[in-house]
Amino acid sequence: MRGAAQSILVAAKDDFLIDQMVETGLLTMDQVDGVRADAESTGEGLLDTLVKGGLLDVSMVTMAKANYFGVESIQLADMRLSDEVIKSMPRHVAKKYSAVPVALGEGSVAVAVADPSDIEAIDGLQLALGKTVELRVASPQEIEDALGRYYGGGSGGGGGGRGGGEDSEISMMIQNLTEGEVEVTSMKGDVGSDGKAVDADAPIIKLVNQIIVDAYKLKASDIHLEPLSKRFRLRYRIDGLCVEMKDLPKRLQAPIIARLKIQSGMSIAERRIPQDGRIQTNVGGKTIDLRVNCLPTAHGESIVMRILDKEGLRLGLAELGFFADDQQTFERIIALPDGILLVTGPTGSGKTTTLYSCLNYINRPDRKIITVEDPVEYMLAGINQVQVHEHIGFTFASALRSMLRQSPNVIMLGEIRDMETASIAINASLTGHLVFSTLHTNDAPGAVTRLIDIGIKPFLVASAARCLMAQRLIRRICRNCGGPTTLTEKELDMLGLKPEQAATATPRRGRGCPTCNKTGCKGRQGIFEIFVINDAARKMIFEKVPSNVLRNKAREMGMRTLREDGIRKVLAGVTTAEEVVRATVVEH
């Protein structure tokens, strides 16, 4: 029935154009009647049959459509469209509606289409672009050629424009990005905004995939795509530092961002508010997750993708960077039957990895472990992991209440954000559960002040807390090119050391090699500030002493500060003085 209805609509469109061409003398009724039987027998439209038989030229049909609808007929092959005009319409929109933007106005865009009678497509265009659409008419072949020339993935047509076509330009860019190829496939299947499968070999898709491959091969933690006034900047965060790569063409900004938004499940029509999404993909046979954030800026939408390598997470405590004495202390704390362990530090300081390592260390068949996370970053075997969904009311607090009915031995809470969550976590730790969680504070003793500020009573904090640990990440000296060195007078001064204190040290420095990208550093590990809560500390917390007083007491009890732990690692040849100074503050 649907096919029959579509044939009737096509016939109706053909009839009014043919009537007009007969009236203007372009056709005679004898010519029309002569091919009507052929058209009906083949199922082709009457216009297509007339064109195929040489009785009509394609340009005549285009002109007839333009005259009937009162719009301008244009020759796309003779036009050279600017980058600004092309980027006004994302690639997926142009391909979906077979439309090419040809000029911009105030709040409007002139668009070339082959069929100006397709009201549904025109309405869809206006909705997708958020602008008034002014129609122009071009032949179907010219539309197809222009889509290939300006957006890629089409026939390309006619050779002219943009130095041999966008396909070849993007292919060259892919080669410049990296050598060799690594397969990238979507775990969810590649679909466009219309729900249909897309061509995985399309140039924009290949370029986006190669950006991800490069980041993965360079062991980057984040990919930053940043629209600036005259540039589309690409940066990778490698070992905590942003490294600028070759700029992407500014005119590809819109299609690249649209591609990533479609892949990550964001709305491509919404450009005014931040959005979050997730891409699960397969790079070289390995499954990785990309946590995607889109933020509207003055020059377009900025995309940041956090790379989560599910199979590449190292979960041993030794890999975190503990020295033997600190590791023994930490292993003793996480083996306790109850209480709360808080890991503090800013975003990107490795708190979640530390907690996963703790869970991996104590994960045994006789223990039930449940985590509540937003999002679940890595899947751990033998552990129940719960994803928070704030938009449906499934918050940290509600998830925590429910999971307590599951009778767990160990609970990991992604982050303590408010009074309700903190209260449930503290109470759980006081009723026979071992609770791991994170807080955003600058140092370990500051976690006490933060919990009390949230609204937890000091006596509850004193009773529940077993250990408070602050951490930062520092870059390791490259194992391939690192060699012995001597600390300079400036470095000793930076670290607050005297020459005799460094007399027995074994500092090292990387010379720079291809392995570390000439930086001298490769990989990261933690520096730690471990505050074990004993009776003396509990008394001070209960008395609500100021944070600086508690900090001084912790140091008297043997707590090493972040700076002091970093200095130990400089003297042991693990990292450099510059790294420790960058990651920590001076102790008073």
Exercise for the section: Compute the Rg to Rh ratio over region 515-559 from the alpha carbon atoms, using the Kirkwood formula for Rh, and round to two decimal places. Expected result: 1.35
Fill in the blank from the handout: Here the convex hull volume per residue of region 463-543, taken over Cα atoms and given in Å³, is 149
Exercise for the section: Can you pull the one-decimal nm distance between simple spin-label points at Asn282 and Ala572, each 7 Å off the Cα toward Cβ? Expected result: 4.1
Handout entry: Sequence-distant lysines (8 or more away, or on other chains) whose Cα lies within less than 17 Å of Lys351
Key = Lys310
Practice task
Determine one quarter of the surface area of the Cα convex hull of region 504-588, which equals its mean projected area, and express it in nm² to one decimal.
Solution key: 7.0
Completion exercise
Flagged as over-length at 25 Å C-alpha distance, from Lys95/Lys217; Lys490/Lys518; Lys368/Lys539; Lys230/Lys286; Lys131/Lys206, the pairs are Lys95/Lys217; Lys368/Lys539; Lys230/Lys286; Lys131/Lys206
Exercise for the section: Divide, for region 65-112, the radius of gyration over alpha carbons by 2.2 N^0.38 Å, where N is the residue count. Expected result: 1.19
Practice task
State, to one decimal in nm, how far the label point of Phe459 lies from the label point of Lys217, with both points 7 Å from Cα in the Cβ direction.
Solution key: 6.3
Problem - Sequence-distant residues sharing a close amide H with Gly573 (under 5 Å, placed H) - result: Thr506, Arg508
Problem - Cα→Cβ-extended label distance, 7 Å offset, between Asp366 and Ala298, nm - result: 6.3
Practice task
Mind ranking 468-474, 301-307 by how tightly packed they are, going by the mean number of other C-beta atoms within 10 angstrom, highest first?
Solution key: 468-474, 301-307
Problem - Extended-chain gain in nm, criterion 0.36 nm per residue less alpha-carbon gap, Ala536 and Ala318 - result: 75.5 nm
Completion exercise
Residue separation between Ile119 and Asp418 times 0.36 nm, minus their alpha-carbon distance, gives in nm 102.5 nm
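Each value in this text was obtained by applying a stated rule to the coordinates, not by laboratory testing. Everything numeric in this text was worked out from a predicted model, so none of it was measured. Reconstructed Cβ throughout: ideal geometry from the backbone, glycine too, with neighbour counts over all protein chains shown.
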